[in-house]
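Below: the structure, in structure tokens.
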Amino acid sequence: MTEPKLKRPIGGIKAAADMVKNLDGPTRERILAGVAAKDPRVAEEIRKNMFVFEDLLVLPDREMQVFLREIPHAMLATALRTASEEFKAAVFRGFSARARQMLREEMEAQGRRRRSEVEAAQAEIIAIARRLEGEGKILLQRPELK
């Protein structure tokens with residue numbers, strides 16, 4: 001009996017990230033530590049792909065408010081450049097009317113941004129989200145979404 005031939009390769013960083021992100025926290029960290037011991041670059045790439053900016057939509061409104069208090073407005077304004085309308089709406093719900101207006105003004109004042117600047121701001125925001133999760137202030141991996 002011959003093995004079926006696959007039309008496309010299986011695996012890679014994205015596939016690994018998709019699997020690892022659905023594990024419980026301690027298991028996820030153990031696996032990533034093991035990968036990092038063999039190849040720190042691969043572990044970092046998996047981490048980057050495990051959670052992307054738009055995944056912050058899993059935060060309930062109250063946790064979104066806690067999270068948003070930690071983000072500088074200029075950084076958030078830059079990060080929102082490529083965000084979906086759904087994501088922007090979730091962010092704006094987390095602010096008072098005055099703060100919403102200030103954020104919109106900041107976005108307008110910034111003008112155009114390079115994609116690399118937007119991605120850097122999003123990466124910093126994800127790092128803040130991970131820190132807050134580590135402190136127990138927010139929950140990024142929702143069991144009901146698994």
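Note down the nm distance, to one decimal, between modelled labels 7 Å out along Cα→Cβ at Q110 and at E29.
Roughly 3.1 nm, to one decimal.
So, R0 is 25 Å and r is the distance between the beta-carbons of E119 and K88; what FRET efficiency does that work out to, to 0.05? List each step's numbers first, then the result.
Numbers: r = 17 Å, r/R0 = 0.68.
Computed FRET efficiency for E119 and K88: 0.90.
Pick from E119, E63, E85 the residue whose mean-square fluctuation is largest in a GNM of the chain, springs joining Cα atoms under 10 Å.
Looking only at E119, E63, E85, the largest GNM fluctuation is found for E85.
R62 to R100: extension gain in nm, 0.36 nm per residue of separation minus the Cα-Cα distance?
Numbers: separation 38, 0.36 × 38 = 13.68 nm, distance 1.61 nm.
12.1 nm is the gain from fully extending R62 to R100.
Hey, what number do you get for the chain at 222 nm if only DSSP H runs of n ≥ 4 count, each worth -39500 (n - 2.57), divided across all residues, to the nearest 500? Please report the intermediate quantities before stating the final value.
On the way: 8 runs with 91 residues, N = 146.
My calculation for the chain gives -19000 deg cm²/dmol from helical runs alone.
Pairs of lysines 8 or more apart, or on different chains, with alpha carbons under 22 Å: count those in the chain, would you?
14
Among D18, D55, which comes first, second and so on when ranked by fewest other beta-carbon atoms within 10 Å? All intermediate terms of the calculation are to be shown ahead of the outcome.
Values: D18 13, D55 16.
Fewest-to-most ranking of D18, D55: D18, D55.
Taking loop as defined by DSSP and a crowding limit of 14 other beta carbons within 10 Å, which trypsin sites (Lys or Arg not before Pro) in segment 67-134 fit? Before the final figure, lay out each step's value.
Working: sites: R69, R81, K88, R93, R98, R100, R104, R112, R113, R114, R115, R130, R131; in loops: R69, R112, R113, R114.
Here the trypsin sites (Lys or Arg not before Pro) that fit, given the DSSP loop and packing criteria, are R69, R112, R114.
Here, each number is a calculation from the coordinates, and none is a lab measurement. Small disclaimer: the values here were computed from a predicted structure and weren't measured. In this analysis, Cβ positions are derived from the backbone assuming ideal geometry, glycine residues included, and neighbour counts consider all displayed protein chains.
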